[in-house]
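Below is one structure, written out as structure tokens; comments come after it.
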Amino acid sequence: MSFSRSLLAILALIATLTAAPLALAAEVVVYSVRNEQLIKPLFDAYTRETGVPVKFVTDKEGPLMARLKAEGRNTPADLFITVDAGNLWQAAQEDLLRPVNSKVLQANIPAHLRDPGNEWFGLSVRARTLVYNKNKVKPADLSSYEELANPKWKGRLCLRSAKKVYNQSLVAMLIHEHGEDKAERIVRGWVTNLATDPLPDDTKALEAVAAGLCDVTLVNTYYYGRLMEKQPNLPLAIFWPNQNLKDRNAGVHVNVSGAGVTRHAKNEKEAVRLLEWLSSDKAQNLYADVNLEYPVKSDVRWDPAVAAWGRFKSNLINVSQAGALQTKAVMLMDRAGYK
Ligand code: FE
């Protein structure tokens with residue numbers, strides 16, 4: 001081999017060695033419980049803006065968390081996106097996430113919508129509220145989650161199954177506010193008032209109210225939004241509960257969908273950059289609007305369909321309590337006969 005040829009070979013080798021890590025650095029891998037149709041438009045926008053490709057895998061929270069755990073330090077995932085603070089809390093508890101100290105995230109996301117230990121951050125807000133049948137209930141008849149335990153609602157309430165994390169998180173918040181004894185009395189009251197067995201999902205609960213099987217239910221507003229988009233003439237309306245109490249913690253039960261950087265992220269820098277971008281004004285609208293949710297960033301405008309439901313005061317208890325009290329909530333619901 002001539003001198004110049006061996007020099008070329010060395011240069012080529014150096015180029016390969018230096019180019020490879022750079023190519024790796026400019027990509028971020030996401031495991032997402034939020035489904036493809038909700039996140040792909042967002043990642044496409046991010047790639048257009050930054051040139052950084054986003055690879056992603058979507059699945060339910062159970063399989064994705066099991067996969068992160070099984071892969072351990074070999075995981076390709078840099079960022080984990082999931083729904084419900086209860087699930088985010090669980091991921092942190094199982095050491096699947098790492099803390100991120102970011103001034104951008106702290107400025108964009110209100111403190112009650114992120115992990116006090118900075119391992120996960122809310123990216124959209126979901127409000128779990130009351131929806132009633134307009135032909136059978138006047139808004140003045142409604143007031144709070146707690147009041148749905150009153151005997152006046154006997155045979156008039158529909159609830160989603162206790163197996164889904166949404167009502168577990170709601171009950172966790174009731175425990176936080178009232179203590180276990182009072183929370184259990186409330187949940188027992190709900191069960192006594194049920195018109196029918198708990199329903200498999202929020203949409204089924206709404207349809208039962210619309211059909212007159214029951215008068216009122218508890219759902220995340222985006223399910224109401226989706227159903228009303230398809231069937232605008234259903235006799236359903238939203239009611240914002242717990243708005244008139246003097247208690248600092250009064251307000252509508254809110255939860256988040258959110259994300260955290262994985263414990264074994266290869267690409268922490270890119271993961272944080274994507275997470276910060278997701279909390280920016282532009283991304284907040286893309287992230288929240290596509291599922292008729294609320295942005296976490298307070299000055300971001302709401303989707304017009306969402307804004308039409310009106311403003312409300314939300315409960316300011318840190319959403320991590322939904323996780324911390326989840327086991328107690330599940331046991332309480334079981335004791336109360338809520339299936
Ligand atoms: Fe949902």
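Values quoted throughout were computed directly from the atomic coordinates according to the rules given, and no laboratory measurement underlies them. These numbers come from a predicted model, not from an experiment. A quick note on method: Cβ atoms are made from the backbone with ideal geometry, for glycine too, and the neighbour counts reach across all protein chains shown.
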Under a GNM of the chain (C-alpha, springs under 10 Å), which listed residue has the highest mean-square fluctuation: 157, 170, 142? 142
Environment charge of residue 73, counting only residues whose C-beta is closer than 10 Å and scoring Lys/Arg +1, Asp/Glu -1: +1
Ordered by fewest other Cβ atoms within 10 Å, a rough proxy for footprinting exposure, 43, 80, 121 read 43, 121, 80
Expected sort for 148, 123 with the fewest Cβ neighbours (10 Å cutoff) up front is 148, 123
What are the ³J(HN,Hα) values, in whole Hz, obtained from phi via the Karplus relation 6.51 cos²θ - 1.76 cosθ + 1.60 with θ = phi - 60°, for each residue of segment 112-127 in sequence order, with x given for Gly and Pro? 6, 10, 9, 5, x, x, 6, 8, 8, 9, x, 10, 8, 9, 10, 9
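Would you calculate a helix-derived [θ] at 222 nm for the chain, using -39,500 (n - 2.57) for each DSSP H run of n ≥ 4 and dividing by the full residue count, to the nearest 500?
Details: 14 runs with 149 residues, N = 339.
Counting only the DSSP helices, I get -13000 deg cm²/dmol.
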Counting other beta carbons within 10 Å of each Cβ, put 67, 73, 263 in order, fewest first. 73, 67, 263
For residue 303, the net charge from surrounding residues (Cβ-Cβ under 12 Å; K, R +1; D, E -1) works out to -2
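Quick one: compute the contact order of the chain, relative version, from alpha carbon pairs under 8 angstrom and 6+ residues apart, as a percent. The partial results should precede the final answer.
On the way: 620 pairs, mean separation 95.4, N = 339.
This gives 28 percent for the chain.
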Amide H neighbours of residue 161 under 5 Å, at least 5 residues apart or on other chains, H built in the peptide plane: list them. 199, 201
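Please give me the summed charge of the neighbours of residue 156: other residues whose Cβ is under 11 Å from its Cβ, Lys and Arg +1, Asp and Glu -1. Display every interim value, and only then the final one.
Details: positive: 136, 152, 154; negative: 141, 215.
Net charge around residue 156: +1.
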When the expected Rg is taken as 2.2 N^0.38 Å, what fraction or multiple of it is the alpha-carbon Rg of segment 224-278? 1.92
How big is the Kirkwood radius of segment 256-332, worked out from every pair of different alpha carbons and given in Å to one decimal? 14.9 Å
Projected onto their principal axes, the Cα atoms of segment 130-184 stretch, largest extent first, over whole-Å spans of 33, 22, 17
In whole Å, largest first, the alpha carbons of the chain cover along the principal axes 95, 39, 34
